[in-house]
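Data first, discussion second: the structure below is written as structure tokens.
Here, each number is a calculation from the coordinates, and none is a lab measurement. Only a predicted model underlies this, so the values are computations on that prediction, with no experimental measurement involved. In this analysis, Cβ positions are derived from the backbone assuming ideal geometry, glycine residues included, and neighbour counts consider all displayed protein chains.
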Amino acid sequence: MKLLIKNGTIVNPKAGKSFVGSILVENGKITKIAKGDLTADGAETVNAAGMIVTPGLIDLHVHFRDPGFEEKEDILTGLEAAAAGGFTAVCTMPNTSPACDNIGTIEYQTKKAAKQGNGVRLYPIAAASKGLKGETMAPIGELKEGGAIAISDDGKPITDSSLLQRVMQYASSFGLMYVSHSEDTYLSKGGQMNESYFSTLYGMQGIPAVGEALSVARECLMAQYLGLPVHICHVSTKMSLDLIAYFKAQGVKVTAETAPHYLSLTDEAVGSYDTNTKVNPPLRSEEDRQALIAAVKSGLIDAIATDHAPHHERDKNVEFNTAPSGMVGLETAVPLVYKLVHDKQITIERFVELFTAGYGIFGLEGGVLTEGGRADITLIDPEYQWTIDKNMFRSKSRNTPFHGFHVKGAVFRTIAGGKTVFTRAY
Amino acid sequence: MKRKGLNITKVIMNAEEMERTINRMVHEIIERVGPKKNVAIVGIRTRGVPIAERILKKIQELEKVKVASGTIDIALYRDDFFKGLASPEVGPSNLNFNVDGANIVLIDDVIYTGRTVRAAIDAVMDYGRPASIMYAALVDRGHRELPIQPDFVGKAVQTGDNEAVAVYLKEIDDEDKVVVGEK
Amino acid sequence: MKHLLGIENLNRDQIMHILETAVSFEEINQRQIKKVPTLKGLSVINFFAEPSTRTRMSFEVAEKRLSADSYNIAVSGSAITKGETLSDTALNLQAMAPDCLIIRHAVSGTPHMLAQIMDCSIINAGDGFHEHPTQALLDAYTIQKKKGRLDGLKVALMGDIAHSRVARSNIHLLTKTGSHVTVAGPATMIPKDIKKLGVEVTYDPKEAVKDADIVMMLRIQEERESGLMYPDRREYAKFFCLDEKLLSYAKPDATVMHPGPANRGVEIDDNIMDGDRSVILEQVANGVAVRMAVLYLLLGGSNS
């Protein structure tokens, strides 16, 4: 089976400058990348004129709820949603039920994705502690054998600093990195939204920015002390960014991600009392949002991750304080972040870096288009204008605050391992 | 607001005629309630109130007695509250006399369907049990929807459904007159 | 206006219109027969998902004096305790075609959520620590009666501002009508950036009370999920209780208010609470008239 992608702007920053050219895919591999035109007999031809052709994107932070909460999402629908969002690989967080803290669960996830999935790669991030309880270490070595690419107690930070130290050290002996959900749970207890003028106005218990920063500082100090890398999830505040900048300057191997919603919305949006605006960490202030955009631009933030957190409508259709945190993100990430390209905040090359950095952070194959390499390719139509409609999502869940948003830029086609896993019908 | 969009077709009472009419009504009222004690003159808001004040003043001058008085607001007693009309401004009612055993004369500007005075009677009843209630209207324009007739009428006029009667009073409108117009 | 969800979204004219309308209803409350037929045949549900004596009774009295049919739901007797979601409960209530729902709920924004689900008018009787609009209106009515105006007054608002819906609604109202509000309490009780609401902040109660026309005390809250905001009641009383000495800094004719229920001897001294400058019981009396006015204006035809 052959596929020829023609006339697109190939944005492949790891390999060099962008150019208009063609890519030939044969048997799941890229066999030829060329400037200008290519011809191939019997190939399905995709005219990518006006499109951006990029390495398949990776989302390094998703929740697929399988096993345990399949009514919110399962591995198969999650992979479909990923494909629709332009992602050819995803890293799943371990807060399933049972948690991904044992070989049975991790093998269930990887096998289901490989055998029944659409071809989008699934990389599990396994639990750091048993049952995500923050008490004793999970069998990290065995989880690595089962396919874990990193460890995290995402959603539940490890409060016991001694356990944090042991987890980071022990995981390092198996070549795994600790991925930190940074939150001081004493400071966030009872909190519903960012602590700010708006929490005062809306009468909500606030979650102070300092809570995230305290935890970021601790993780970075621990990484520095141990000489180990650490990855900080969903950075949402300027205070955290300042700390990360400091530790990066010190030579600490810290990487950081942020999510599209922190670049798009602020705490003011919570005033609708729409529970889809409830997320952890919470939507922050405009000052934080601007600092994050600057950090995305400068490279202080390494990667965009969606923190795709599906919840059933029933779970969200409750009083604000009762609603679970989280929003789906896979199918809205590209247009939301592409706005920064349209706004001339970042270049298209930087955009691609942000969406492919996950491969490098976790040492995975991908993130670059090379002859002989896996044919994971995403085609983006940068000018296409459309309105986000939650009812069109491939995800099982609809919990987005972006329903009805008018956006410019869309994923046109997603190719995973040479197979087209998504095409947008205009 | 009966004044808005009213296309006046004729004046049926000028200032002089209004004064004469009110004077006649005063005499009728005195004749009727004369022997009774405990009389109170109560104006129905809004335009019943100045008419009641004029009647009260004249009765007190002629009879040389102090007569009780008050005002009643029927907004809270209307039966068209939920008919999609704008809810009327509520004004205070003011009955500073003992309603129990009083002989009350309700005063209004125009009697039309009878619903206003029905509401006013209900309102008065909530303050106590009067010995009697009488009713005086400056103009009776017909078209009753309830079995209610005024005891004292200034002037009766024939009107059509598409017509409206508007009473102008010096105290509110800077002139005294009654007009008929098309809605 | 269909709903009354908060003071924040009202303008000064709307506030004054409600207060003016309340005057007529106050008269009814002084009659022998304290009832008018205005809302005859209308159904009003009082849904109190949080304990309340004063506000619930006040609404019920207001409804009955307007001849509405009142129905009360307490959470312990509702399907909520059987695991039904609030939105399902709301839809079931909706199916019984009420004309108005009065809602008190511990979670901010719940009345707004119900206003989206239900067709009837929604009156917020207190949501979380967001707003308590009828309390602010009755407070304003009381101030207006006492001082003859709502502008140019110096108001001291003291206590747990952070967790008080009464504080927020009163701040919105009094700043809209042109009074000067100073909030005071220990720093743990002053929420972030409250100055942006147009108030002054001090941690010194004397400074807040100085030359005040109105001294409004708030109830000290019990321990919350996030912890106690003060060491203990004794210590709080020592520094923040409104007693003779503290009140002596206010104008001689200052009016003392408290939304109740009060902790005697903690935030307000018995002498002050029972003293002649206190209008705490007048607030309660005025509450009925103000709530009658709100019901009248919301449920009456197509009033704007």
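Rank by packing, highest mean first: peptides A:77-84, B:171-178, with packing defined as the count of other Cβ atoms within 10 Å averaged across residues. Numbers along the way, then the final one.
Details: A:77-84: 27.2, B:171-178: 15.0.
Peptide ranking by packing, descending: A:77-84, B:171-178.
Compute the normalised compactness of chain A: alpha-carbon radius of gyration over 2.2 N^0.38 Å, N being the residue count.
On the way: Rg = 20.5 Å, N = 426, 2.2 N^0.38 = 22.0 Å.
Normalised Rg, Cα atoms only: 0.93.
Residue-wise HN-Hα couplings along the range C:142-157, as the Karplus relation 6.51 cos²θ - 1.76 cosθ + 1.60 with θ = phi - 60° gives them from phi, are 5, 5, 4, 5, 7, 10, x, 7, 10, 10, x, 8, 9, 10, 9, 10 Hz; Gly and Pro carry x.
Residues whose amide H falls under 5 Å from that of B:Y135, counting only those 5 or more places apart or on a different chain, are B:L106, B:D151, B:F152, with hydrogens built in the peptide plane.
Comparing A:S285, A:S236, A:S97 in a Gaussian network model of chain A (Cα springs below 10 Å), the most mobile by mean-square fluctuation is A:S97.
Among bridges DSSP assigns within the protein assembly as shown, what percent are antiparallel (round to 5)? Could the numbers behind the result be given before it?
Working: 47 of 134 bridges.
Around 35 percent of the beta bridges assigned by DSSP in the protein assembly as shown are antiparallel ones.
Highest GNM mean-square fluctuation among A:L340, A:L201, A:L38, for chain A modelled with Cα contacts below 10 Å: A:L201.
Largest GNM mean-square fluctuation across A:S173, A:S129, A:S18, computed for chain A with C-alpha springs under 10 Å, falls on A:S173. Taking every DSSP beta bridge with both residues inside the range C:133-281, roughly what % is antiparallel (nearest 5)? Around 5 percent of the beta bridges assigned by DSSP in the range C:133-281 are antiparallel ones. As a proxy for reagent exposure, ranking A:E219, B:E53, A:E287 by other Cβ atoms within 10 Å from fewest up yields A:E287, B:E53, A:E219.
Determine, for A:Y202, B:Y135, A:Y426, B:Y77, the number of other Cβ atoms within 10 Å of each Cβ, and report the residues in order from fewest to most.
Working: A:Y202 27, B:Y135 21, A:Y426 8, B:Y77 24.
Ascending Cβ contact count within 10 Å gives the list A:Y426, B:Y135, B:Y77, A:Y202.
With helices as the sole contributors, chain A gives -9000 deg cm²/dmol at 222 nm; each DSSP H run of n ≥ 4 counts as -39500 (n - 2.57), and the sum is divided by every residue. As a rough footprinting exposure proxy, the listed residues A:T332, C:T255, A:T258 were ranked by other beta carbons within 10 Å of their own, and the order from fewest upward is C:T255, A:T332, A:T258.
Relative to one another, the C-alpha centroids of the range A:347-426 and the range A:3-52 are positioned 17 Å apart.
Suppose we keep just the DSSP beta bridges with both residues in the range A:56-362; what percent of those would be antiparallel, to 5? For the range A:56-362, the DSSP antiparallel bridge percentage is about 5. In summary, the lysines within cross-link reach of B:K37, defined as a Cα separation below 17 angstrom excluding same-chain residues under 8 places away, comprise B:K64, B:K66. Here the range C:101-179 and the range A:225-264 have alpha carbon centers that stand 42 Å from each other. Once the Cα atoms are used to define both axes, helix A:209-226 deviates from the longest principal axis of chain A by about 80 degrees. The aspartates and glutamates whose alpha-carbon is closer than 14 Å to the alpha-carbon of A:K35, local same-chain residues fewer than 8 away aside, are A:E371.
For chain B, what is the calculated [θ] at 222 nm in deg cm²/dmol (nearest 500), taking -39500 (n - 2.57) for each run of four or more DSSP H residues and dividing by its residue count?
Numbers: 4 runs with 50 residues, N = 183.
That comes out to -8500 deg cm²/dmol.
Partners of B:K183 within straight-line reach, counting lysines whose Cα lies under 29 Å from its Cα and excluding those fewer than 8 residues away in the same chain: B:K2, B:K4, B:K10, B:K83, B:K155, B:K170. Note the angle between two axes, namely the Cα long axis of helix C:12-28 and the longest principal axis of the Cα atoms of chain C, as a number of degrees from 0 to 90, rounded to the nearest 10. That works out to roughly 80 degrees. For A:N194, the amide hydrogen comes within under 5 Å of the amide hydrogens of A:I207, A:L283, counting only partners 5 or more places away or on other chains and with H modelled in the peptide plane.
Exceedance of the 31 Å cut-off in Cα-Cα distance is limited, within the set A:K14/A:K344; A:K115/A:K339; A:K238/C:K210; C:K145/C:K196; A:K111/A:K344, to A:K115/A:K339; A:K238/C:K210; A:K111/A:K344.
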